[in-house]
Structure formats: structure tokens, C-alpha cells
1. Can you give the accessible area of A:Y238, probe radius 1.4 Å, in Å² rounded to 10?
2. According to a simple spin-label model (label point 7 Å from Cα along Cα-to-Cβ), what is the distance in nm between B:D245 and B:S197?
3. For the stretch B:281-297 and the stretch A:130-182, compute the distance between their C-alpha centroids and round to whole Å.
4. Go through B:T169, B:T323 and list them by solvent-accessible area, largest first, probe radius 1.4 Å.
5. In a shell of Cβ-Cβ distance under 11 Å around B:A14, excluding B:A14 itself, what net charge do Lys and Arg (+1) and Asp and Glu (-1) give?
6. Along its three principal axes, how long is the stretch A:25-71 when you only count alpha carbons? Whole Å, largest extent first please.
7. Per DSSP H run of at least 4 residues, take -39500 (n - 2.57); add these up for the protein assembly as shown, divide by its residues and hand me the 222 nm value, nearest 500 deg cm²/dmol.
8. Taking springs between alpha-carbon atoms closer than 10 angstrom, which of A:T67, A:T217, A:T190 fluctuates most in the Gaussian network model of chain A?
Amino acid sequence: MTRTGGKGGKGRGKGEELMVPRAEFRSYYGRPVIKAPAWAARDIAGYFFLGGLAGAGSVLAAGAHLTGRTTTARAMKVSSLAAISLSTAALINDLGRPGRFPYMLRVLKPTSPMSVGSWLLSAYGPAAGAAALCAVTGRVPRAGAAATAAAALLGPAVATYTAVLAADTAVPAWHGAHRELPYLFAASATAAAAGMALVVAPARESGPARCAAALATLADLGATKATERRLGMVAETYREGKAGRLLRCARGLIGAGAATAALAGGKSRPAAVAGGLALLAGSACTRLGVFAAGIASAEDPVYTVVPQREAKARREAAEAGEAKGAAGA
Amino acid sequence: MTGRLLSGPEPDPAGDAGHLDAPPRVGFFTDTTVCIGCKACEVACKEWNAIPEDGLSLTGMSYDNTEGLGASTWRHVAFIEQPSTAPSAPPAPSAPSGSPGPGPGSVPVPDGRTELPLTDQRAATAPAAGGEGGDLRWLMSSDVCKHCTHAACLDVCPTGSLFRTEFGTVVVQEDICNGCGYCVPACPYGVIEQRSSDGRAFKCTLCYDRLGAGQEPACAKACPTESIQFGPLDELRERAALRVDQLHAAGVEDARLYGDDPADGVGGDGAFFLLLDEPEVYGLPPDPQVTTRDLPAMWRHAGAAALSLAGAFAASYALPALTRRGRGRR
Ligand code: SF4
Ligand code: SF4
């Protein structure tokens, strides 16, 4: 039987704000229209988070390198290498046929963000690796500087392309926010890298990281607001259930982390470490939250049917208006 | 990119994919008004393509225990029981001249089908579903991969495993798929799926092997009512338009085509349908879009976001330096 309204028995988070009455819609026995990705949250949200940490970390490392903050530079280069290696491992682990991972580089397809991303990673990974190796061994400093620069140039793309990867799907919570998601991912990546720098760098070198953490917090708030505004009714998936809990956690952790770092991070090493860890955890929660929102929006047909109906009605109204205008002229 | 279209009308998908002298694009026209829900298509598809068993369960969804398309279900017959609404199902209309008398239900049979006396009797004695006596109508529809003109699954596949055949259809090459699973959420119809026992993605091939041998796909061959019609897409679209006109003339105002419009969000479906209710009632999206359409905008925003990220770090290094200089210390 077709179903009108109502959400198929899925629990809502406790103590949530009052809901607007659910839009009338019909579906085939409440079954989802699209298929949610079979991706494991740990692997793919982890891949997003680690990619962000690595990419933004490379930019931070290059800045530290340039300004003579050598401890930060070295630590962040190592962190980026570790993060990008783990990120790639998470991606490979999630493949249905991990042994066929090299097929990712079989072709270069501009229409596939995963293909573009794989090529990007294959350029960024070695650069990040060389930068870290040179920094740790102290050998070939010129090559190290070049690798650091290359990683810093590619890093921002590594941090944001994953937003395109998620948005280029039929998943309503992701595709609906395809304009905003890259900024949210950039903010989240900045928070993670700043957090890592606070954890690993001495207090006297942490000024830029504290500043970046504050900027990331503001950007994260702004991007989340913009995402929810754009999504209309689909924004529920970012507020309710598991995604809602994760994203509230993320905001709390990032805000608290940045505040701790800003207030005490310059003097107290433990405060800097605590703030940094909170920022890292907050960034991870953002990715897990966005992932969970996507799954929730794919699993309930209301988020596919109602926005599509509305888009169609808008288009038809616009066409009718045009036709009327043409007839009137 | 060589000016290839990401969305919008595309007259020659096979040519666009690089096939020279491609045969005419083929597809399915599924006329759900004559479907009797026998599931011969499901069985023929499983048999011909040697698709593994995918669970025996009773769903309680009318006669539908297949649930939906997936890695191991490439044809799926949907069953919908509805209270009949008077305007949507008028009493058996008089059939247009030249075709046999009214068939079962309120829907005239298409041209060229032989009506056995038996069915005429039954139609006369039993209250037709949705007719004056019935308060329930039963919709049945055999769903399949749409072989989209702009196929999101194909666009996003990073390995090139999904490809456009010379017939304009969309097929997975199983020896290349690495099971990344990207095609699964990309499909706006929820068709393609990874088989968990195998890891790779599977879907309808429109019987690529049979097409190559000049045969029609197994489901169309098996369908006893010609609900599933196979042929060159242009011909099917003409035939479908005529059929809708015929139904409208007979008073079946609910009849509508779905996926036939080359100007729609996916550039038109290679497999399209004649439905008697809104698409979402059959589990189909009301306004599907190929998300690759927005890819240029997404990359622009990702680029701007990447620049902002770099800018934020530049500012983070510049600001403490400036304040320090301002304070004149360290
Ligand atoms: S319906 Fe889905 S699986 Fe089939 S061609 Fe279109 S996008 Fe691909
Ligand atoms: S799962 Fe296979 S067919 Fe689907 S996008 Fe990945 S490589 Fe391509």
C-alpha cells in the first residue's frame, strides 16, 4: 500500500525540538527510492577526515617551514604523511575488491570525482611523503622545500574534493548541499590541522594554529548554517538522530577546542593539547555527522520525493509563467 | 572535455561515447496497463543472466516478495493495491474501433493482440478491478534499469567499468569493477547495487550478450502480455505516445509516460514506462536528475573553498606576526 506522511517507525532523538508536520507524500511501501551507499562510516567518513587533516596540515606545515617554526613544520609533515596513508588505507579497505585498487588509476575521468581524487592523491601522497622524509632526516633540504611547497599547493584540493565526491550523488542531504559542503569540509579540515598543530607543537610556535582554529570555528558555524538553510526540509537529517547528535558534538568540541586554545594555549601546554584534541575530535564528528545525515536522507523516501516534487512544481510554475508572459506579449 | 554533454537532450549517446556507426539506440517501453504480474520477466532475467538467489522472504507487500531492484534483481515487478478513485478508473470504456473489445479492467488492450473468448467472459462476469463493482485497483509494473541518456552511475565510475555500449545502453564490466560502490548512491533510481558476497556492482545489462546476437532481451521475450516491449527507442517512443492517446481517448486520464522525455533531468530514459499513477507510488523518483549536471558548479565551489582554506592559513600566519610587531615584542 502506498504511504502518506509519517516516518517509517524510525526513532527520533530524544528531547528534540518540536517538528513541523511532515509533508504529505506517497511512496512504494515506504521503501527508499534511491540506494544508500554501502560504504562503512568508519572507512569513508574516516577517509574524509584524514584527507582533510593531511591536506590542510600540509598548508600549515608549509607556513611553519617558511616562518622558521621548525618543530611545527616537521611534526605537521609527518602528521600529513601518516594521515594520507591511513586515509588511502581506509579507502582501500572499503573497496569490494581491495586487490583491484590500482584500477582507480586505469583511466582519468573528469566526470568522476573519485577518479579525479585518486589522481590527486597519487600526486599529493608522494609529495607529502618526500616532505616528511626530508624533514625527519634533514637530508636534501632543497628537495624537501620543493616537496613541501607541492604538498601545500595540492593540500587544499585534497581537503575539499571529498565534498564534491559526496555531493555528486543522488543522496539528498549531500547533493542538495553541493554548494555549501566544500566550505564545510574546508572548515573542518582547517580545524583538524590546527588541532594537530596544537597537540604536537611547542606553545611558542602555536600562534598561527590558534588563529586558524578560531577562523575554522567561525567558518564551520557559517557553513553549517548555510547548509541547513539551503536544504529546507532535508536539513532535518542534519539535526535529528545520530547525525544531529554527532554534529552538535562537533560544534561543541570545535568551539570549546578553539576557545581553550585561544585563551590558554599560548601559555599552558596541557591546555593547548586539550584544545587540539577537542578540535581533532570535533572535525571527525563533523565528517561522521555529515555521513550519517546522508545515509538518513537516502533511507527515507520522503527526502527524495518531496524535494523533487517541489522542484518540479517550481519549474512547471516558471514555465507556465513564461508561457503566459509570451502570450501576453 | 570534448564538448560532451553532462545533461540535457542528447540525440546520440553511443556516438557521444565514441562508437562510430553505432546501430540505433534500443530500449524498453514498459506498458504497465497490460501487466498481469506474472513475474515471467523476473524469472527469465534470473535464468538467462545466471543471477544468484537473493533470499526467499514474505514481505507482506501484496504479491511483491522481490522488494526492489538490486545486485541480484534486475527486473522487479511492483504490486500496488489502491482504493479505486472514480475519475481515474472509469467503467470499461468502449474500445477504439479496430481493436478487440475491452480487456480485463478498465484499460483497452493494445492493437494486435488476440483476445480469447475466455477473458471476454471473465471481464463480463467478474467485476473488473477498478470498474463499477470494485473498490480496489491493482497496479502492476515491471521495473528495470533505465539505461539513462545521462547515466550518473557511468559518469562517476572511477575505473571505467561502467560503459556505454554501441546500442546506447549502460553496462558494468565485471572484470574491471573494483567495488568502490560509488555508482550505488549516484543512481537517481536506486538501481545498481554491490553484491555483498562478491563486492562488485551489478545491474541489468539490457541483455548485451543477446543484443549482440540479434536477439531481444530475455524479459521482453518472456513477457506474455507485451507489457515489456523492446526495440529502437525512437519507435518505442512513437508507439508509447499513440498508446497514451488511445488510453486518454478511452477515458483513462491517469495514463502518463514516465522517462520518455529527452528534456528531462537525465536526458530521457532508455527504458521508459506508461504508468497509471504518480511515479513515487511505484517507487520511482518524481523528478530524477543526473547529479553530474552540477559538477562544474561543485568544482567551482570546491576550488573557492580550497582557496579560502589556503587564505585562512595565510591570515593565521600573518595576523600573529602583525600583532606581535604592533606590540613591539618578540
Ligand atoms: S537507472 Fe541508474 S543504474 Fe541504470 S543507467 Fe541510470 S543511473 Fe545507471
Ligand atoms: S562499484 Fe564498480 S561499477 Fe560501480 S563505480 Fe565503482 S568501479 Fe564503477
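The values are calculated or read from the model by the stated rules, or taken from the named source; none is laboratory data. A quick note: this is a predicted structure, and the numbers were derived from the prediction, not measured. Here the Cβ is made from the backbone with ideal geometry for all residues, glycine too, and neighbour counts use every protein chain on show. With ligands, DNA and RNA removed, areas are computed over all heavy atoms of the protein, side chains included. Shrake-Rupley method; radii C 1.70, N 1.55, O 1.52, S 1.80 Å.
1. 10
2. With each label placed 7 Å out from Cα toward Cβ, I get 5.0 nm.
3. 29
4. Values: B:T169 0, B:T323 70 Å².
Output order, biggest surface exposure first: B:T323, B:T169.
5. Within the 11 Å Cβ shell, the charges total -3.
6. Here the spans come out as 63, 21, 10 Å, largest first.
7. Numbers: 20 runs with 330 residues, N = 659.
That calculation yields -16500 deg cm²/dmol at 222 nm.
8. Per the Cα network of chain A with a 10 Å cutoff, A:T67 tops the list.
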